[in-house]
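Okay, structure first, notes after.
The values are calculated or read from the model by the stated rules, or taken from the named source; none is laboratory data. The structure presented is a predicted model; accordingly, all values stated were derived computationally and were not measured. With ideal geometry, Cβ positions are generated from the backbone for all residues, glycine too; neighbour counts draw on all protein chains shown.
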Amino acid sequence: MKKLIGSFLVLLSVCGCMSCSHNKTTGYDFMPLDTLIQSWMNKEYYPGGAVCVAKNDTVLFSKCYGDFTPDTKVYVASAGK
């Protein structure tokens, strides 16, 4: 389970970089990332997950999916490098 969650977090960070586009008038558009993760949740690939995208100490996007809450403890091991 720990390995699965760690893999999920790495995959999210890679997908997040690829699927977020910059909109000059409103900031970043995280709808493609949100749609992708929600589709994984709907297909029950993962029991849950959380995404937080930050830049310069500012949170740009944050959302929990499935069974995850802001208080869910996750062991990220080397996925946090």
ask   = When both residues are 6+ apart or on different chains and their Cβ atoms are under 7 Å apart, which pairs have a first residue that lies in region 49-74 and is more than 14 Å from Tyr28 (Cα to Cα), and a second that is of a type in the set (Asp, Glu)?
value = Lys63/Asp34
message = Which count do you get for residues in region 31-81 that are of a type outside the set (Val, Ile, Thr), touching a helix residue (DSSP H, G or I) at 6+ places or on another chain (Cβ under 8 Å) and in a loop (DSSP other than H, G, I, E, B)?
response = 2
key: Failed condition for Ser13, given (1) part of a helix (DSSP H, G or I); (2) among the hydroxyl-bearing types (Ser, Thr, Tyr); (3) modelled with pLDDT of 50 or more   = (3)
